[in-house]
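Read the structure below first, then the notes.
The values are calculated or read from the model by the stated rules, or taken from the named source; none is laboratory data. What you see is a predicted model, and the numbers here were worked out from it, not measured in a lab. Positions of Cβ are backbone-derived with ideal geometry, glycine not excepted, and every protein chain shown enters the neighbour counts. Surface areas here come from the heavy atoms of the whole protein model, side chains and all, with no ligands, DNA or RNA. Shrake-Rupley method; radii C 1.70, N 1.55, O 1.52, S 1.80 Å.
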Amino acid sequence: MKTFFAHIIIILCCVPSFAQDITGLWKVSKVEVAGKVMTPVAKWTNIKEDGTYESGNGWLQNSLGTWAYDEASRQFATSENIGIRDEYDAFEVSFEGAAMIWKRKEDGMDVVVTLENITDLPMSTADQLHGLWDLQDIISGGNSITSTFDKDNRYYLFMRWDRIYVKRNSKGEKLSGYWHIDGHRPEITLLSHQPDTTPESWQVEVDDDKLKLTGISDSNKGLIMTFKKLHTFPD
């Protein structure tokens, strides 16, 4: 199904007098498809007064184009310049308090998008993952095994902006691979560059200085790894 997530349409307001009120930066706070919540992570759109828009996820812009307004039908549609153009009808726009609501049908299913006005681009989980993380603790089966797993405190993860990770293991070896993050859930998958290495997926909890990875693959279930942010590489 080609849904809102594959090609977000930028829908503005119902009458020209609203245009000043809705231009600016908006975050998608909720998406419902046939009553099921399917909200993308840190999705935003910047609605501009000059008739153009920009959209993205977190600090990554992935959409750019122009919009057109049909006053009679109270609908707006867009023309996408860099992404996939929307093949569905325009959204009908309404407001509930400070929230902007977009509604339409996609493949016979009701789609409802709720947006909130914001002042800064939202950070996605991927944005927060960037940087250098030093292992503090690893738990297996409810027990800490840090003293045996990483007795010399060598283990770290370097999550690069280009979706390459570099891991220094407890032996001091540096191993690399690709990291991929889910667009709707805080889950990453590590795809090693090393041959015959099984991909591993982890549930992510992260803030400015702490990272927690909980294993969700068959190979790492029961493992919980906790890291702290570093700004220089350790010896």
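Computed quantities for the displayed model
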| item | result |
| --- | --- |
| Top-ranked residue of segment 125-149 - restricted to ones that are assigned to a loop (DSSP other than H, G, I, E, B) and at pLDDT 95 or above, ranked as surrounded by the fewest Cβ atoms within 10 Å (Cβ to Cβ) | ILE145 |
| Search result, residues across segment 192-235 that are part of a strand (DSSP E or B), open to solvent by 70 Å² or more (accessible area, probe 1.4 Å) and either at positive phi or not charged (D, E, K, R) (or both) | GLN203 |
| Some residue of segment 104-116 being more than 27 Å from GLU187 (Cβ to Cβ), modelled with pLDDT under 95 and open to solvent by less than 40 Å² (accessible area, probe 1.4 Å) | yes |
| Residue count, segment 155-175 (criterion: of a type outside the set (A, V, I, L, M), free of Cβ contacts under 8 Å to residues at least 24 places away in the same chain and open to solvent by less than 30 Å² (accessible area, probe 1.4 Å)) | 3 |
| Hits in segment 185-235 (condition: within 14 Å of LEU157 (Cβ to Cβ) and at pLDDT below 95) | PRO234 |
| Count of residues meeting criterion [closer than 10 Å to VAL166 by Cα and either open to solvent by 40 Å² or more (accessible area, probe 1.4 Å) or hydroxyl-bearing (Ser, Thr, Tyr) (or both)] in segment 176-191 | 2 |
| Filter result (modelled with pLDDT of 75 or more and over 23 Å from the mean Cα position of the chain (by Cα)) within segment 55-71 | THR66, TRP67, ALA68 |
| Selection from segment 67-100 of residues that are of a type in the set (Ser, Thr, Tyr) and open to solvent by 60 Å² or more (accessible area, probe 1.4 Å) | TYR69 |
| Among the residues listed as GLU106, GLU49, GLU96, GLU80, the single one being touching a His at 6+ places or on another chain (Cβ under 8 Å) and of a type in the set (D, E, K, R) | GLU80 |
| Where a residue in segment 213-235 is closer than 19 Å to SER170 by Cα and its partner, wherever it lies, is among the basic types (Lys, Arg) and assigned to a loop (DSSP other than H, G, I, E, B), with Cβ under 7 Å and at least six apart | GLY215/LYS221 |
| Considering residues of segment 35-66 that are of a type in the set (Phe, Trp, Tyr) and open to solvent by less than 60 Å² (accessible area, probe 1.4 Å) only, the residue farthest from GLY108 (Cα to Cα) | TYR53 |
| Residues satisfying the stated conditions in segment 159-191, i.e. within 16 Å of GLU205 (Cα to Cα) and part of a strand (DSSP E or B) | MET159, TRP179, HIS180, ILE181, GLU187, ILE188, THR189, LEU190 |
| Set SER140, SER144: member being touching a residue at least 40 places away in the same chain (Cβ under 8 Å) and hydroxyl-bearing (Ser, Thr, Tyr) | SER140 |
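Residue by residue, here is whether (1) closer than 23 Å to PRO122 by Cα; (2) at pLDDT below 90; (3) more than 24 Å from the chain's Cα centre (by Cα) holds:
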| site | (1), (2), (3) |
| --- | --- |
| TYR53 | yes, no, no |
| SER73 | no, yes, yes |
| GLY83 | yes, yes, no |
| TRP102 | yes, no, no |
